[in-house]
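The block underneath contains the structure these notes are about, expressed in structure tokens.
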Amino acid sequence: MSPKIPSHSHFHFQEQHKKVKKQGVFGDMYSMMLLPLPLPKDVSIIMEPEKHSAFQLPNLAHAFREFLGTREVAEFVSGALAGAMTKAVLAPLETIRTRMVVGVGSKNIAGSFVQVIEEQGWQGLWAGNAINMLRIIPTQAIELGTFECVKRAMTSWKQEHSPKLQLGSINLNLSLSWISPVAVAGAAAGIASTLCCHPLEVLKDRLTVSPEAYPNLSIAVRNIYKDGGIGAFYAGISPTLIGMLPYSTCYYFMYDTIKRSYCQTKNKKSLNRPEMLVIGALAGFTASTISFPLEVARKRLMVGALQGKCPPNMAAALSEVIREEGLKGLYRGWAASCLKVMPSSGITWMFYEAWKDILVVQKCQSV
């Protein structure tokens, strides 16, 4: 058998290997990287397609559409629309009430209507309604939306949690049945709306009481901030919260309680629009009657601050009213307040439930 003569490629491979071997460890590594090694027959190389590593932004438009379609957003929007429609309907009564309280024009309601129409036309009945809209829309949206969210959360929490107390060998299961999710939600709604929208209330009061010093909204914002900074927009927040807390708690609790009791008595699942109007008005009347002394004390604190003789706290303001005017002084102006609160409360609930039927109930049924 003749000897096998190495091929040119094999000879070239040996020469390259000798050259690289002289270069040490790094030379060996380099040669292994450059020179292909034979693979066993049962081994194959599968080349995968190159994956694109480019960063992709999330679909914000889709996420935003999903957010707008949630139940919570629908409830907030329903509250905003209800507040706007209520204020638009009752703006003429608010205008007449303001003129009579300030002492401008006629002393009776019919005479004031005629006088405003003769002097300013029909548009005069809605004078100043823009600033009221600016205040009421976010206030009602936050208040009613917070009420619904907290009520659902509290109801779910009560069902899932039952606190237990262990004293030695005795285990006690504490019942949470005494906690009313509606009352807690009502308190949370009043606090949230007050904290968020109190600056708008301050702006409304300044624009109404001192139009010569605050002729428009931008000047009012600039002057109030220049006089006292951010804190000036929260002037009177403490008595407002103290007065709002019992009113809001009682208001929502009474509406839910009367509504459920009426539906059980009449064996109905829901109310019609006139029934919502009446029950909402009753809830506003009851809440206003219970919390009205605190409202009188709050006004005493605010007026006292303007006159430079402000009582130190709410209790002192109540004592001052009783000392000067007796117990009946705690309900001074109660009738006029009810004439404002009752239609406002009834119309708000009627519009709110109607918008919820459109934005929440029908959407859930379609899904």
* **Spin-label zone in segment 223-245 - amide nitrogen under 16 Å from a point set 7 Å from the Cα of residue 130 along the C-beta vector** => none
* Rule-of-thumb Rg ratio for segment 318-357 [Cα; 2.2 N^0.38 Å; N residues] -> 1.83
* Structure fact -> Once the mean of 1/r over all distinct C-alpha pairs in segment 237-276 is inverted, the Kirkwood radius in Å reads 11.7
* Asked: Looking at this model, which pairs from 87/204; 204/356; 299/340; 151/268; 269/356; 204/299 are more than 19 angstrom apart at the alpha-carbon?
  -> 204/356; 151/268
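Readers should treat all values here as calculations from the given coordinates under stated rules, not as data from a laboratory. In this text, all values refer to a predicted model and were calculated from it rather than measured experimentally. Virtual Cβ from ideal backbone geometry, glycine too; neighbours counted across all protein chains shown.
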